[in-house]
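Note sheet for the following structure.
The values are calculated or read from the model by the stated rules, or taken from the named source; none is laboratory data. Please read these numbers as outputs of a predicted model, since none were measured by experiment. Cβ coordinates were reconstructed from backbone atoms using ideal geometry, including for glycine residues, and neighbour counts include every protein chain displayed. Surface accessibility is based on the protein's heavy atoms, side chains included, excluding ligands, DNA and RNA. Shrake-Rupley method; radii C 1.70, N 1.55, O 1.52, S 1.80 Å.
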Amino acid sequence: MTDIVVPGDLIGASEEYLAGEGTYEERGKIFSAITGTVETNKKDRTVRVLPVMKTPPVLKTGDIVVGRVVDLKNAVVLVDIARIKGQENREIANADQGAIHISNVKDSYVAKLDTEFDQQDIIKAKVIDEKSLRLSTVEKDLGVIKALCSRCRTPLVRKQNKLECPSCERIETRKISDDYGKGII
Amino acid sequence: MEFMKNGKRIDDRLPNELRPIKFEVGALERADGSCYVEHGGNKVIAAVYGPRAVHPRHLQEANRAIIRYRYNMASFSVEERKRPGPDRRSVEISKVSREAIDPVIIKEFYPRSTIDIFVEILQADAGTRSAGINAASVALADAGVPMRGLISSCAVGKVDETVVLDLVKEEDNYGQADMPIAMDVRTGEVTLLQMDGHLTLDEFEQALELGKIGCASIAEMQREALIQKYRGEENE
């Protein structure tokens, strides 16, 4: 069993190690900034604290996220990112708007974005650039996971590769995720 | 009212003795971090949410997180029903408590976000702001918020011409002085110091020293509570 440090515990000197994740430096000494276990890397001489509790979720490249479409422009869809897959119980620390470019919607050619998304659609996407928050829905399980009928606001039901409104029988097209309507992320 | 008898106080404590204190880390399921504290007759719960997006947006800072602190007393926390909601006293305590905790949080890690701290007083018996700060500090650590240290707080005061540590309600209400202190014990930085009543300069210095000793004992308990919680989880 390794020893647990709490914020403010002395874990080394600046001459000894480089201050890594979960630590901070003050007057030539390295202290822990979080509760966790100390890990030293002899190779690059860094010391870091591995958290023992859940830390605030931060968006990283490769994360699967869920969000809501808030705007459709000519070549981009703007999405309010709500949660990261695997950390659904906690709000994102650096939450912001993400953008899906028309070229990152699906594998085949997209002529117009309004055949793929609509306002208020709930979508699942992958972060392809954590700095500018660019998203992609190219993969099969990515895309719209819930949509409302644009005429009567009833939740649409999947019919093969189209979406149908159960109350007014309107047919709409989307970049549909494999998980459409299943309620799973 | 007579407070000191044979060197003992009304609840049989010595002048430099704290009341029994219990910390429970992660008491709430849905908060990002939480802590329940029993400090003598005080029962306090602290919940931390965030870092998360700031609403309203104009409050956000481009280079750091903002801290919001709400101290609230339950209507049933005192003998006579308290009218619910913020009042002059709780708004002031929220402000000074936020300023007591704020210096140790490493806010630069989470720009454009907010860290919300909610402290609910379920039962009050003097020293609720101190108990609240102690709970909030542990709750922040439980939420994984990066901090330079833990803030510990306790009150000192004067009854029957004697400087005493950690007053109970009777000593607070009918005593001669009450002085809550909050500090980062490692650096010795005092982040909250208020005083109600009268102390001579000598008494003040004596009280401050006693308060620092009290804070140091509480810091050790906070540390122990955090380690105990996660050591337990590691073994499971």
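Cβ separations smaller than 6 Å between residues 6+ apart or across chains give the following pairs from region A:81-107 residues that are in contact (Cβ under 8 Å) with a residue 40 or more places away in the chain to residues that are among the hydroxyl-bearing types (S, T, Y) and open to solvent by less than 70 Å² (accessible area, probe 1.4 Å): A:V105/A:T137. Applying the set (1) in a strand (DSSP E or B); (2) surrounded by fewer than 18 Cβ atoms within 10 Å (Cβ to Cβ); (3) in the same structural domain as A:A111 (by TED's automatic domain parsing) to A:E25 leaves exactly one unmet item: (3).
Okay, residues lined up against (1) surrounded by 16 or more Cβ atoms within 10 Å (Cβ to Cβ); (2) under 11 Å from the mean Cα position of the chain (by Cα); (3) over 22 Å from B:I115 (Cα atoms); (4) at the interface with chain B (Cβ under 9 Å from one of its Cβ atoms):
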{"site": "A:K54", "(1), (2), (3), (4)": "no, no, no, yes"}
{"site": "A:I84", "(1), (2), (3), (4)": "yes, yes, no, no"}
{"site": "A:E88", "(1), (2), (3), (4)": "no, yes, no, no"}
{"site": "A:I100", "(1), (2), (3), (4)": "yes, no, yes, no"}
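Exactly one residue among B:K8, B:K43 is over 18 Å from B:L165 (Cα atoms) and open to solvent by 60 Å² or more (accessible area, probe 1.4 Å), and that residue is B:K43. Only one of the numbered conditions (1) over 16 Å from the mean Cα position of the chain (by Cα); (2) within 14 Å of chain B (Cβ to nearest Cβ) is not met by A:L133, and that is (1). Where helices (runs of 4 or more DSSP H) sit wholly within region B:126-236, those with at least 1 residues that are within 14 Å of another protein chain (Cβ to nearest Cβ) and open to solvent by less than 20 Å² (accessible area, probe 1.4 Å) occupy B:128-142, B:201-235.
Quick check, is A:R48 surrounded by fewer than 19 Cβ atoms within 10 Å (Cβ to Cβ) and assigned to a strand (DSSP E or B)? So A:R48 fails the test. If you check B:F76 against the conditions, is it open to solvent by 80 Å² or more (accessible area, probe 1.4 Å), assigned to a loop (DSSP other than H, G, I, E, B), away from every other protein chain (no Cβ under 14 Å) and not basic (K, R)? In short, yes.
Within region A:148-171, none of the residues are assigned by TED's automatic domain parsing to the domain that holds A:V76 and of a type in the set (D, E). Looking at region B:81-91, can you tell me whether even one residue there is at positive phi, over 16 Å from the mean Cα position of the chain (by Cα), outside any helix (DSSP H, G or I) and within 14 Å of chain A (Cβ to nearest Cβ)? Within region B:81-91, not a single residue is at positive phi, over 16 Å from the mean Cα position of the chain (by Cα), outside any helix (DSSP H, G or I) and within 14 Å of chain A (Cβ to nearest Cβ).
Entry remark, region A:102-132: residues being closer than 28 Å to A:R153 by Cβ and assigned to a strand (DSSP E or B) number 4 in total. A:A93 falls short of the stated requirement of being within 14 Å of chain B (Cβ to nearest Cβ) and surrounded by fewer than 21 Cβ atoms within 10 Å (Cβ to Cβ). The requirement of being in a strand (DSSP E or B), in contact (Cβ under 8 Å) with a residue 12 or more places away in the chain and within 14 Å of chain A (Cβ to nearest Cβ) is not satisfied by B:I45. Scanning region A:153-175 for residues being part of a loop (DSSP other than H, G, I, E, B) and either polar (S, T, N, Q) or open to solvent by 50 Å² or more (accessible area, probe 1.4 Å) (or both) gives a total of 9.
Restricting attention to region A:1-39, the residues that are more than 9 Å from every other protein chain (Cβ to nearest Cβ), on the phi < 0 side of the Ramachandran plot and without any contact (Cβ under 8 Å) to a residue 24 or more places away in the chain total 7.
Within the option set B:R83, B:R68, B:R112, B:R57, being among the charged types (D, E, K, R), more than 30 Å from B:D11 (Cβ to Cβ) and at pLDDT 95 or above holds for one residue only, B:R68.
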